[in-house]
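Novice: Quick one: this structure, given as structure tokens, is what I'll be asking you about.
The values are calculated or read from the model by the stated rules, or taken from the named source; none is laboratory data. Predicted model, so just to flag it, every value in this text is computed and none were measured. Methodologically, a virtual Cβ is constructed for each residue, glycine included, from the backbone with ideal geometry; neighbour enumeration extends over all protein chains shown. Heavy atoms of the whole protein, side chains included, go into the accessibility calculation; ligands, DNA and RNA do not. Shrake-Rupley method; radii C 1.70, N 1.55, O 1.52, S 1.80 Å.
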Amino acid sequence: MKMAKIRCILISLFVIMPGKTPLAQNELPGLTQSGQYQQGILGSISQPGPIRYSPDTIYLVGTYPLNTPELIRGEGLEITQTYCRFCHSTTYISMQPQLSASAWHTIVDKMIHTHGAPIPEEEAKQIIAYLQAQYAQKDHK
Ligand code: HEC
């Protein structure tokens, strides 16, 4: 009984000791400072509670800043504006570098066939003609 107890203590010493070598940390190369990170409560992030709006308060919000330069005037401008700003601003047109005429054709096709712009064929032709006249490189086909 006594021997078993001693053996038990000895075994647990061997098990515990290697884990508790205080020097081992200082021997880490490049270690200048050591500390302990607390595990905290895993999986929880504290957030502020929701803002409570009261019905008798007036909230002021500014206008959303839109920088949408007007498109170049020309035949087909209105129809282009009608169909080409369902999904995004017409800045997508004016911010392009000078594209070739065929590139504009491709873009309008892409808007219709890839992005699903509901533009009838006749209107699409007019839009392409407008874009090619106003936004394409003149010497480029
Ligand atoms: C059904 C929605 C929709 C309509 C209508 C639409 N577009 Fe787009 N357009 C998109 C989407 C989506 C993108 C890609 C946006 C992105 O990548 O941020 C895009 C991007 C563009 C770009 C950026 C270049 C590129 O190839 O991605 C241009 C130029 C453009 N559209 C022009 C037009 C023109 C001209 C029209 C009118 C014929 C038009 N769009 C109508 C959805 C639409």
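Novice: Being near the ligand (Cβ under 9 Å from one of its atoms) and either open to solvent by 60 Å² or more (accessible area, probe 1.4 Å) or at negative phi (or both) narrows it down to one residue among Ala133, Ala124, Ala129; which is it?
Specialist: Details: Ala133 fails: near the ligand (Cβ under 9 Å from one of its atoms); Ala129 fails: near the ligand (Cβ under 9 Å from one of its atoms).
Among Ala133, Ala124, Ala129, only Ala124 is near the ligand (Cβ under 9 Å from one of its atoms) and either open to solvent by 60 Å² or more (accessible area, probe 1.4 Å) or at negative phi (or both).
Novice: Scan segment 69-88 for residues that are open to solvent by 40 Å² or more (accessible area, probe 1.4 Å), assigned to a helix (DSSP H, G or I) and more than 10 Å from the ligand (Cβ to nearest atom) and jot them down.
Specialist: Result: Glu78, single match.
Novice: Counting only residues that are more than 9 Å from the ligand (Cβ to nearest atom) and open to solvent by 60 Å² or more (accessible area, probe 1.4 Å), how many does segment 89-101 have?
Specialist: 2
Novice: Name the pairs whose Cβ atoms lie under 6 Å apart, with the first residue in segment 89-104 and over 15 Å from Ile127 (Cα atoms) and in a loop (DSSP other than H, G, I, E, B), the second of a type in the set (Ser, Thr, Tyr) and more than 8 Å from the ligand (Cβ to nearest atom), and 6 or more positions between them or separate chains?
Specialist: Ser89/Thr68
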